[in-house]
1. Collect the residues in the stretch 226-245 that are touching a Leu at 6+ places or on another chain (Cβ under 8 Å), assigned to a loop (DSSP other than H, G, I, E, B) and either of a type in the set (Val, Ile, Thr) or at positive phi (or both), keeping them in residue-number order.
2. Regarding the stretch 189-202, can at least one residue be identified that is under 26 Å from His29 (Cβ atoms) and either assigned to a loop (DSSP other than H, G, I, E, B) or open to solvent by 30 Å² or more (accessible area, probe 1.4 Å) (or both)?
3. Please tell me if Glu71 is farther than 23 Å from Ala237 by Cβ, open to solvent by 20 Å² or more (accessible area, probe 1.4 Å) and at pLDDT 95 or above.
4. Are any residues in the stretch 142-151 of a type outside the set (Phe, Trp, Tyr) and either in a helix (DSSP H, G or I) or within 16 Å of the chain's Cα centre (by Cα) (or both), and if so, which ones?
5. Just for the stretch 33-68: of the residues that are open to solvent by less than 40 Å² (accessible area, probe 1.4 Å) and part of a strand (DSSP E or B), which one is modelled with the lowest pLDDT?
6. Taking interchain pairs and intrachain pairs at least six residues apart, which have beta carbon atoms under 6 angstrom, with the first residue in the stretch 187-206 and more than 17 Å from Ala233 (Cβ to Cβ) and the second of a type in the set (A, V, I, L, M) and open to solvent by 30 Å² or more (accessible area, probe 1.4 Å)?
7. What pairs can you find where one residue is in the stretch 136-152 and farther than 21 Å from Ala103 by Cβ, the other is modelled with pLDDT of 90 or more and assigned to a strand (DSSP E or B), and their Cβ atoms are less than 7 Å apart, with a gap of 6+ or different chains?
Amino acid sequence: MSFKNVLVAYTGHESSMAALRHAIKIAVHNDGWLTGVLGHGQPPLERHMAAHLPHDILVSLRDFDRKRIDEARRVFETTVEKHNWSDKSAFVDLDVEHGAPLADFGRTFDLIVMGMHRTASAEPHMAASPDLMALHSGRPVLVVPSNFDAPGLAENMLLAWDGKRAAARAVGDAMSLLRERGRVTVLTIGSQPAPGTSQLIQNLCHHGVDARHVHQPRKGPIARTILEAADTAGAKAIIMGAFEHSKFSQDLWGGVTSDVMRDAHLPVFMSH
């Protein structure tokens, strides 16, 4: 399945601009449809202090939010117009306080593209978290670093394979991409290759994918090994499973998914 219906979580922040540009490239390449969405709730100050704030302050908070949403819509529409894709694009202002959560909204799309969520954002109620989208939407998520720019789509990718369910899901979700682009380095890490590695290489070859296997012993953080292997292979994107361990343990102790998303300088395609 090609990515004909692409959703980009465009927050209006600079960190999501690279995601918007990349999502347009994907939609144009696949002659597909692009939907931009800005999910938002109540500003934190209003949520926690509404009963104690004067009415004019509440009105000012809501007016400021409306201006931010309108500006995000304007930038989205201007950007797609520059790429001559206005006829196959739309922008959705999604009030998650009174409607479906952003992850629920994303479930009907082929691919969700977004920037890396920054917890220090001054407007957290307008932020979109790729980890939560990957966990709850059931759809593949492509996380695009804020400083990323490339003339085209990746033709050489790295697949982080540990033989587990999420990695298998990522391979299935990315198969049309792998078949089309044609080159992938399958990375395994540990004392020996992960279960199913030889079968995976064989299956990829059956799909016409030029797949080669690289095995690395575990030395230091796995995320760093993945990123260094991607650089060595000349990969332009990483494919991986997301959150084999609980999201809580990832938030508390850190984990491969969170660390790769945080430190990657190239797009990360992940599925849960």
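The values are calculated or read from the model by the stated rules, or taken from the named source; none is laboratory data. Since the structure is predicted, the reported quantities are computational estimates derived from the model, not experimental observations. Ideal geometry is used to build each Cβ from the backbone, glycine not excepted, and the neighbour counts take in all protein chains shown. Just the protein is used for accessible areas: all its heavy atoms, side chains included, with ligands, DNA and RNA removed. Shrake-Rupley method; radii C 1.70, N 1.55, O 1.52, S 1.80 Å.
1. Phe243
2. no
3. Considered against the rule, which asks whether it is farther than 23 Å from Ala237 by Cβ, open to solvent by 20 Å² or more (accessible area, probe 1.4 Å) and at pLDDT 95 or above, Glu71 comes out as no.
4. Leu142, Val143, Val144, Pro145, Ser146, Asn147, Asp149, listed by residue number.
5. Among those residues, the one meeting the criterion is His40.
6. none
7. Listed pairs, sorted by first residue: Ser146/Gly115.
Residues checked against (1) closer than 30 Å to His83 by Cα; (2) touching an Asp or Glu at 6+ places or on another chain (Cβ under 8 Å); (3) outside any helix (DSSP H, G or I); (4) open to solvent by 20 Å² or more (accessible area, probe 1.4 Å):
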{"site": "Leu153", "(1), (2), (3), (4)": "yes, no, yes, yes"}
{"site": "Gly163", "(1), (2), (3), (4)": "no, no, yes, yes"}
{"site": "Ala174", "(1), (2), (3), (4)": "yes, no, no, no"}
{"site": "Glu180", "(1), (2), (3), (4)": "yes, no, no, yes"}
{"site": "Gly208", "(1), (2), (3), (4)": "no, no, yes, yes"}
{"site": "His213", "(1), (2), (3), (4)": "no, no, yes, yes"}
{"site": "Lys219", "(1), (2), (3), (4)": "no, no, yes, yes"}
{"site": "Arg224", "(1), (2), (3), (4)": "no, yes, no, yes"}
